[in-house]
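The values are calculated or read from the model by the stated rules, or taken from the named source; none is laboratory data. On a predicted model such as this, the values are computed, not experimentally measured, just so you know. Every residue, glycine among them, receives a Cβ derived from its backbone with ideal geometry; neighbour counts consider all protein chains shown. Each accessible area value is taken on the protein alone, full model and side chains, heavy atoms only, with ligands, DNA and RNA left out. Shrake-Rupley method; radii C 1.70, N 1.55, O 1.52, S 1.80 Å.
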Amino acid sequence: MAMIELHNIHKQFGSLEVLKGVDLTVDAGNTVVIIGPSGSGKTTLLRCMNLLEFPTQGTLRLGDYTLEFQPGTRVKKDTLIAFRKQTGMVFQGYNLFPHMTALQNVMEGQVTVLKRSKEEARDKALRMLDKVGLKDRADAYPHQLSGGQQQRVGIARAMAMDPKVLLFDEPTSALDPELVGDVLEVMKELANEGMTMVVVTHEMNFAREVADKVVFVDHGVVAEQGPPEHIFEETTNERILQFLNKLRH
Amino acid sequence: MQNPSWMSLFATYFIPMFTKGIEVTVPLTLISFVLGLILAVLTALARLSGFAPLVAIARFYVWVIRGTPLLVQLFIIFYGLYQIGVTIPAFPSAVIGFTLSVGAYNSEIIRAAILSIPKGQWEAAESLGMTRWQAMRRIIIPQATRVAIPPLGNSFISLVKDTSLAAVITVTELFHEAQADAAVTYSPLVMYCEAAFIYLIFSTVLSTLQSRIEKRLDRFVA
Ligand SMILES: Nc1ncnc2c1ncn2[C@@H]1O[C@H](COP(=O)(O)OP(=O)(O)O)[C@@H](O)[C@H]1O
Ligand SMILES: [Mg+2]
């Protein structure tokens, strides 16, 4: 059963068409890795999946909600919120709330959005922080944490909302190389537990090891997709070979 | 030799002036600043609302208040409105004038502070499923407050000094007392220097308080 279905998704910023008809399916429990050159539209595609951007055209289904877009389509506030509650997002720049401790960061959405009690939210937050290996840093403020720790708090914050899908936008690109491993380890664990994930990343080893499907986005379309073996070993697509070759250097 | 009598004049009038400062200048400043801040927040939110009529009203208000002298505004409120049957006593007139002024100037400070919070904070909040207003209240305003406190503190200290303008609409505050004392003693130099000295005490105490608050806030900022 597909968790996410995108059909003919277009996104235009003014006169610049960034997505030019994307079709993509993500099955429940799968990890889909999106790769592609810088500026090809990966971030925009991911942001369309939780409506941080509205597609200008196309059909978007995620979990229980199906939305049809035409230029100028407005989504009702309740639908927008309900739709977003189904997804969690992990950002390249972490985007933790700097005025809150790690624990408060992970509690915030639970209390404000899901209306959980403080006790329940704290319990859940501590479990999530434990899961990402940071229970002992619960009372630290973001600026007291390393980048890798901040990003793991970011994952805990998203997970605490019990989303159907987790979206990752280059979660390790801002990290020092020695901190990348811890974050990827947490993501691997989530994948193994059957979380549905869409991950934009340049970590090809992660893609090879964890992805059920790798999607190559180029110039705003899905140029090719398939299991990792296909993309990394069998493809004859010049653009992919070029792209992978560049990453190695 | 004038000096001994200058000293004794200074000593004699310190208590009356200082008392007016505590009894009138300080309350006038506090009331106007608190009301003005509320008005400033509302004005900033109106300008950021994107709702055209609200934006227009807010811009018009800020434009008028910032583009006209406070002294003239006080005269209009106290002496001018009287002509159309609106009589407002001196102290409330001063409160209205200063509140309007604080509201206009500080709305710009607050608006700039809100706009200074990175877009990623909004996105993180919205991706959790927060409404715009929840994001504003829980995520943006607490951070913007930290950004706004130093300039708001400066504006507060300016207000303490600006309240001396209330003397011209007959509010019997510190400076009004100094004027009266100068007339009685024929010693304007001593009396006005003494008033300046007392303002200096007030603003110095406030500055010290301000830097303490800022240090405390710094602990949480990256
Ligand atoms: N809000 C925006 N307004 C205008 N152009 C944008 C906006 N967001 C992204 N773009 C443009 O869309 C293109 C694709 O960007 P993005 O989705 O970030 O690509 P990627 O993540 O693959 O590097 C880029 O040319 C970028 O400049
Ligand atoms: Mg990107």
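Residue-wise test of (1) out of contact with any helix residue (DSSP H, G or I) (no Cβ under 6 Å at 6 or more places or on another chain); (2) of a type in the set (Gly, Ala, Ser); (3) within 14 Å of chain A (Cβ to nearest Cβ).
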position	(1), (2), (3)
B:Ala148	no, yes, yes
B:Ala167	no, yes, no
B:Thr170	no, no, no
B:Asp181	no, no, no
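The selection criterion, being over 18 Å from B:Val171 (Cβ atoms) and in a helix (DSSP H, G or I), does not hold for B:Ile96. Looking across segment B:84-95 at every residue that is of a type in the set (A, V, I, L, M) and in contact with a Leu (Cβ under 9 Å, 6 or more places away or on another chain), the one that is surrounded by the fewest Cβ atoms within 10 Å (Cβ to Cβ) is identified as B:Ile88.
When A:Lys118, A:Lys124 are checked against the criterion of being more than 22 Å from the chain's Cα centre (by Cα) and basic (Lys, Arg), A:Lys118 stands alone in meeting it. Which of the residues spanning segment A:115-148 are without any contact (Cβ under 8 Å) to a residue 24 or more places away in the chain, not polar (S, T, N, Q) and not in a helix (DSSP H, G or I)? Within segment A:115-148, A:Lys115, A:Arg116 meet the criteria.
If only residues of segment A:124-133 that are surrounded by 15 or more Cβ atoms within 10 Å (Cβ to Cβ) and among the charged types (D, E, K, R) are counted, the one that is nearest to A:Met195 (Cα to Cα) is A:Lys131. Residues in segment A:32-69 that are open to solvent by less than 60 Å² (accessible area, probe 1.4 Å) and within 9 Å of ligand 1 (Cβ to nearest atom): A:Ile34, A:Gly36, A:Pro37, A:Ser40, A:Gly41, A:Lys42, A:Thr43, A:Thr44, A:Leu45, A:Leu46, A:Arg47, A:Glu53. Within the set A:Gly72, A:Gly29, the sole residue that is surrounded by fewer than 18 Cβ atoms within 10 Å (Cβ to Cβ), more than 14 Å from ligand 1 (Cβ to nearest atom) and within 23 Å of A:Glu203 (Cα to Cα) turns out to be A:Gly29. Restricting A:Val111, A:Val106 to those that are part of a helix (DSSP H, G or I), crowded, with 22+ Cβ neighbours inside 10 Å and β-branched (Val, Ile, Thr) reduces the list to A:Val106. Taking segment A:15-89 as the region of interest, none of the strands (runs of 3 or more DSSP E) fully inside it holds 3 or more residues being within 16 Å of ligand 2 (Cβ to nearest atom) and within 13 Å of another protein chain (Cβ to nearest Cβ).
Please tell me if B:Ile213 is closer than 30 Å to A:Leu145 by Cα, surrounded by fewer than 16 Cβ atoms within 10 Å (Cβ to Cβ) and in contact (Cβ under 8 Å) with a residue 12 or more places away in the chain. When the stated conditions are applied, B:Ile213 passes them.
Selection of segment A:114-123 for residues being within 14 Å of chain B (Cβ to nearest Cβ) and either surrounded by 15 or more Cβ atoms within 10 Å (Cβ to Cβ) or under 20 Å from A:Val186 (Cα atoms) (or both) yields A:Leu114, A:Arg116, A:Ala121.
Pairs meeting the criteria (first residue in segment A:36-50 and at positive phi, second residue assigned to a helix (DSSP H, G or I) and within 6 Å of ligand 1 (Cβ to nearest atom), beta carbons under 8 Å, at least 6 apart or on different chains) are A:Gly36/A:Lys42. Whenever a residue of segment B:33-48 is farther than 13 Å from B:Ser101 by Cα, it has no partner that is buried (at least 21 other Cβ atoms within 10 Å of the Cβ) and at pLDDT below 95 lying with C-beta atoms less than 8 angstrom away and at least six residues away or across chains. Would you mind stating whether B:Met136 is in a loop (DSSP other than H, G, I, E, B) and within 14 Å of chain A (Cβ to nearest Cβ)? No. In summary, A:Asp136 fulfils each of the numbered conditions (1) open to solvent by less than 50 Å² (accessible area, probe 1.4 Å); (2) away from every other protein chain (no Cβ under 11 Å); (3) farther than 20 Å from B:Pro118 by Cβ with the single exception of condition (1).
For segment A:1-14, which residues satisfy the criterion of being farther than 22 Å from B:Ser127 by Cβ and either assigned to a loop (DSSP other than H, G, I, E, B) or within 15 Å of ligand 2 (Cβ to nearest atom) (or both)? Residues satisfying the conditions are A:Met1, A:Gly14. Might you let me know whether segment B:107-118 holds any residue that is open to solvent by 20 Å² or more (accessible area, probe 1.4 Å), within 14 Å of another protein chain (Cβ to nearest Cβ) and either modelled with pLDDT of 95 or more or more than 30 Å from A:Phe83 (Cβ to Cβ) (or both)? Yes; the residues of segment B:107-118 include at least one that is open to solvent by 20 Å² or more (accessible area, probe 1.4 Å), within 14 Å of another protein chain (Cβ to nearest Cβ) and either modelled with pLDDT of 95 or more or more than 30 Å from A:Phe83 (Cβ to Cβ) (or both). Select from segment A:171-180 the residues that are away from ligand 2 (no atom under 16 Å from the Cβ) and either within 17 Å of A:Leu46 (Cα to Cα) or at pLDDT 95 or above (or both) and list them in ascending order. Scanning segment A:171-180 gives a single hit, A:Val180. From the list B:Thr208, B:Thr185, B:Thr172, B:Thr163, the one residue that fits, being among the β-branched types (Val, Ile, Thr), over 30 Å from A:Glu53 (Cα atoms) and surrounded by 20 or more Cβ atoms within 10 Å (Cβ to Cβ), is B:Thr163.
Mind checking which pairs have a first residue in segment B:138-149 that is open to solvent by 20 Å² or more (accessible area, probe 1.4 Å) and a second that is of a type in the set (Ser, Thr, Tyr), Cβ under 8 Å, 6 or more apart or different chains? From residues that are open to solvent by 20 Å² or more (accessible area, probe 1.4 Å), the pairs are B:Arg138/A:Thr112; B:Val147/B:Ser116.
In segment B:41-83, the qualifying residues are those that are open to solvent by 50 Å² or more (accessible area, probe 1.4 Å) and among the β-branched types (Val, Ile, Thr), and the one that is farthest from B:Ala167 (Cα to Cα) is B:Ile57.
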